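In what follows, a structure is listed as structure tokens, so that the remarks can point back to it.
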Amino acid sequence: MPKDPEPAVLPGPWWFAANEVLAFLLELAALALLSRWGFSTGENVVLRVALGVGVPLAAIALWGLFAAPKARLRPALPFVLLVKALVLGGSTVALHALGHHGARLHRRHPGGAHDRPGRAVLAGDQRGPRPPR
């Protein structure tokens, strides 16, 4: 009877594996944002589909060639970081271009005060000041 293979285990503490999972989820989110931006940009359907499919594919190609753990080419670390910054930074720009500005704190009142002490107001919060209790 064949012996069962040993399960693959990452070396090091458990948070190394948790960090790898989180990084992978962030990379998937970046690709989703780039695709969403592409499908919402453009003047006609052909351009939207080309951008919605092409931009994430270009990001996947760059990441796979230079930044993935088993990349085909292993350039120097500064170039790997540049590729990661381009893909992840591009997804941040795409999120901003889609109109999502809500994670940025801003001053709502002329004096810069919050509507209640201890409560920061997020951009896009349209409810206005809360009445006193």
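One residue stands out in the stretch 1-36 among those that are open to solvent by 70 Å² or more (accessible area, probe 1.4 Å) and touching a residue at least 24 places away in the same chain (Cβ under 8 Å): the one that is nearest to K84 (Cα to Cα), namely L26. Does A59 count as at pLDDT 95 or above and open to solvent by less than 40 Å² (accessible area, probe 1.4 Å)? When the stated conditions are applied, A59 passes them. The set of residues in the stretch 63-74 being open to solvent by less than 40 Å² (accessible area, probe 1.4 Å) and outside any helix (DSSP H, G or I) consists of A68, A71. Taken as a whole, the condition of being more than 16 Å from the chain's Cα centre (by Cα), without any contact (Cβ under 8 Å) to a residue 40 or more places away in the chain and open to solvent by less than 40 Å² (accessible area, probe 1.4 Å) does not apply to A50.
The values are calculated or read from the model by the stated rules, or taken from the named source; none is laboratory data. Keep in mind that what you see is a predicted model, and the values were worked out from it rather than measured. All Cβ positions, even for glycine, are placed from backbone atoms using ideal geometry, and neighbour counts span all protein chains on display. Note: accessible area is taken over every heavy atom of the protein model, side chains too, but ligands, DNA and RNA are not part of it. Shrake-Rupley method; radii C 1.70, N 1.55, O 1.52, S 1.80 Å.
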